[in-house]
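The values are calculated or read from the model by the stated rules, or taken from the named source; none is laboratory data. The structure presented is a predicted model; accordingly, all values stated were derived computationally and were not measured. Reconstructed Cβ throughout: ideal geometry from the backbone, glycine too, with neighbour counts over all protein chains shown.
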Amino acid sequence: MYEKEEEMLDESRKQLEQIEIPDQQIMNAIQQGLIQAKNKKRKRKNMLWTFSVAAILMFTLVTSIRVSPAFASAIASIPGMERFVDLIQFDKGLQAIVENEYYEPIGVSQVKDNMTFTIDGIILDETGMEVFYTLEAPFPFENIMCEKVDVFNDGKSLSDNAAISYGFYGQEKTKRIEEKLSFNFAEARQFASKQFELTFQLDNEKKTTFNIPFTIKNDIKKGKVYSLNKEVEMDDQKMLVKKITVYPLRVAVNIEFNEQNEMEILQFEDMRIEDEKGEVWSSIQNGASGFGGVGNKERTYFLQSNYFKEPKKLYFKFDKVQALPKDESYLLIDMEKKEVLNKPSDGKLEVMNINNNSVEVKIPQIKEDHMYSLFGDAKNANGERIDTPSQSMHGDADGEYNYTTIELDSKNIVNPIKLYFYSYPNHLNGSVSVQIK
């Protein structure tokens, strides 16, 4: 059952012996693992004792990765461990999930068309599922991509009303791919049982499809709900913070925007949860995500979570809120005449090119390493949505300006068209703080 893990540990031992790590850091990591081991109740049978040892090793591994760059580098070179190093170094929530044994090893494989797909592990809560997997073959996966994925619970698809993201670098000449699938549910979801099945289809000539059943043994943690219904105001713009729910994978923040606001709220660059010591406990990571986009009266924002931490007090805070006057929250363009009929009056945005089915604009950099697209929805003169097949962005050599080109589906263009902003470098003044507990 643990042959694969034993091989990885043995290989890691061999690689770690080749590098120098400060003795004190090693001792600190081991000591922390031993302290956790001593605090565990010794009521488990021999079979579960093996799992406890694995958990202690994982705890020590996580701690060492965080305190020693050399150790992290060595671990990242071990097959299957690079993704954990990347995640643990930047996600305190994942670190807590591993330390509290909520990451569940699965180790179920299926072989098809001379390829082996393995579900390495699962993290599941009411808001989503993270599936860590490995795909191997005796040939390179060059130009092979993932075409379709889904997870079923007692035969019912979990992709309905959910956002799915996955990394799959089939263009690389590699025989081994280690990645993860992320399912984000629009609403908290209950599960009929702990029986699941993953479907993973490739876009190769045979349309190879893996169908792998697996069982979750962990109890699925319930969200901690904080009902607030607190109205806040920033720069005369009113917002109702309805509730905050803390799950193992993420924190869901529900906000309702007053329809009488003169400004369209775009993005929250710095939304976070802090404890009584001012430590950031949960924050936006890699840009805001959630459900209910710009223009929706009510939206849900997802923050990085730390479910297993229990501070005495919690505060929900935000500032650096992007916003535009509602009548300037879009570009109005006549594509045929190549004319700009409406744009923000602050003079920051310049329309560089208007073609038959694309628009290029120049704008000051929104924020360093920002993860936001400039445009969201596009609509024609009849109010019908226009598909946008692509939106590309690049910066200038000095890092001062960004250039964005949005491509439009020409079949549905009826002039003039509206390109609604998803983000923009204009901010409200002030900050907000709400006590959660």
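Observations
- Filtering 345, 305 for residues that are touching a helix residue (DSSP H, G or I) at 6+ places or on another chain (Cβ under 8 Å), crowded, with 19+ Cβ neighbours inside 10 Å and at negative phi leaves a single hit, 305.
- Residue match in segment 391-401 (condition: over 28 Å from residue 272 (Cα atoms) and either among the hydroxyl-bearing types (Ser, Thr, Tyr) or touching a residue at least 60 places away in the same chain (Cβ under 8 Å) (or both)): yes
- Given (1) under 22 Å from the mean Cα position of the chain (by Cα); (2) part of a strand (DSSP E or B); (3) farther than 18 Å from residue 224 by Cα, number of the condition residue 251 does not satisfy: (3)
- Count - residues of segment 101-131 that are touching a Pro at 6+ places or on another chain (Cβ under 8 Å), closer than 25 Å to residue 204 by Cβ and in a strand (DSSP E or B): 2
- Extreme residue, surrounded by the most Cβ atoms within 10 Å (Cβ to Cβ), among residues of segment 385-394 that are under 26 Å from the mean Cα position of the chain (by Cα) and more than 16 Å from residue 423 (Cα to Cα): 388
- Only a single criterion out of (1) under 19 Å from the mean Cα position of the chain (by Cα); (2) assigned to a strand (DSSP E or B) is not satisfied by residue 134, namely (1).
- Of the candidates 206, 180, the single residue that is assigned to a loop (DSSP other than H, G, I, E, B) and in the same structural domain as residue 132 (by TED's automatic domain parsing) is 206.
- Exactly one residue out of 274, 259 is over 17 Å from residue 190 (Cα atoms) and not in a loop (DSSP other than H, G, I, E, B), and it is 274.
- Checking 204, 229, 211 one by one, the residue that is at pLDDT below 90 and more than 15 Å from residue 126 (Cβ to Cβ) is 204 and no other.
- Residues of segment 299-329 satisfying the condition of being of a type in the set (Gly, Ala, Ser) and not in a strand (DSSP E or B): 305, 329
Here's the yes/no breakdown for (1) outside the structural domain of residue 413 (by TED's automatic domain parsing); (2) closer than 27 Å to residue 185 by Cα; (3) modelled with pLDDT under 95:
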{"position": "296", "(1), (2), (3)": "yes, yes, yes"}
{"position": "332", "(1), (2), (3)": "no, no, no"}
{"position": "345", "(1), (2), (3)": "no, no, no"}
{"position": "370", "(1), (2), (3)": "no, yes, yes"}
{"position": "397", "(1), (2), (3)": "no, no, yes"}
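- Wholly within segment 377-437, strands (runs of 3 or more DSSP E) carrying at least 2 residues that are within 18 Å of residue 356 (Cβ to Cβ): 390-395, 401-407, 417-421
- Yes/no for residue 269 being among the acidic types (Asp, Glu), touching a helix residue (DSSP H, G or I) at 6+ places or on another chain (Cβ under 6 Å) and buried (at least 16 other Cβ atoms within 10 Å of the Cβ): no
- Selection within segment 395-404 - of a type in the set (Val, Ile, Thr) and surrounded by fewer than 18 Cβ atoms within 10 Å (Cβ to Cβ): none
- Residues in segment 411-437 that are out of contact with any Gly (no Cβ under 6 Å at 6 or more places or on another chain), surrounded by 14 or more Cβ atoms within 10 Å (Cβ to Cβ) and among the hydroxyl-bearing types (Ser, Thr, Tyr): 2 in all.
- Options 217, 238, 222, 207; residue that is under 24 Å from the mean Cα position of the chain (by Cα) and of a type outside the set (Asp, Glu): 222
- So residue 378, is it among the hydrophobic types (A, V, I, L, M, F, W, C) and loosely packed, with under 13 Cβ neighbours inside 10 Å: no
- Filtering segment 243-260 to residues that are touching a helix residue (DSSP H, G or I) at 6+ places or on another chain (Cβ under 9 Å) and touching a residue at least 60 places away in the same chain (Cβ under 8 Å) leaves 248, 249, 250.
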